[in-house]
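Here, each number is a calculation from the coordinates, and none is a lab measurement. None of these values were measured; they are calculated from a predicted model. Please note: Cβ atoms are built from the backbone with ideal geometry, for glycine as well, and neighbour counts cover all protein chains shown.
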Amino acid sequence: MEKYGIPLDATAGQDVAPVLDETIHSPHRLRICALLHQLGTTEYQLLRESLQVSASVLSKHLKKLEEAGYVDLSTRTIGTRPHGWATLTACGARAYRSHLAYLEELIQIADSQGKP
């Protein structure tokens, strides 16, 4: 099953309350959560390229998500170079789905107000 073209995980069948999440609401952080929800553990470089942001901008947003408990950050050495990786936590996935439900509610309200 998919929502917004993003596969839902095993806990997706559980209802989530629609809540505006100020941490996720930032456009870059919302896109980071969407990518991590879709791709699973993802290398920083792919996130950077997808968002078209600098390493420092990505780092700032990942740090905010990590502080909220929404992502786990790790480093793995490939060859001789360290590579950073991010994973959406279960808490982060719930918060992301809840935020999407809130946005969906807003769309439904806007659609219903536009009809006679």
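Table for the structure above
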quantity	calculated
Ordering of 100-107, 77-84, 50-57, 88-95 by packing [mean C-beta count within 10 Å, highest first]	88-95, 100-107, 50-57, 77-84
Relative contact order [Cα under 8 Å, 6+ residues apart], the chain, whole percent	33 percent
log₁₀ of I(q)/I(0) at q = 0.16, 0.24 Å⁻¹ - the chain, Debye sum with one point per alpha carbon	-0.76, -1.41
Alpha carbon centroid spacing (whole Å) that separates the stretch 76-94 from the stretch 33-54	10 Å
FRET E, pair Asp15, Lys60, Förster distance 35 Å, beta-carbon r, rounded to 0.05	0.60
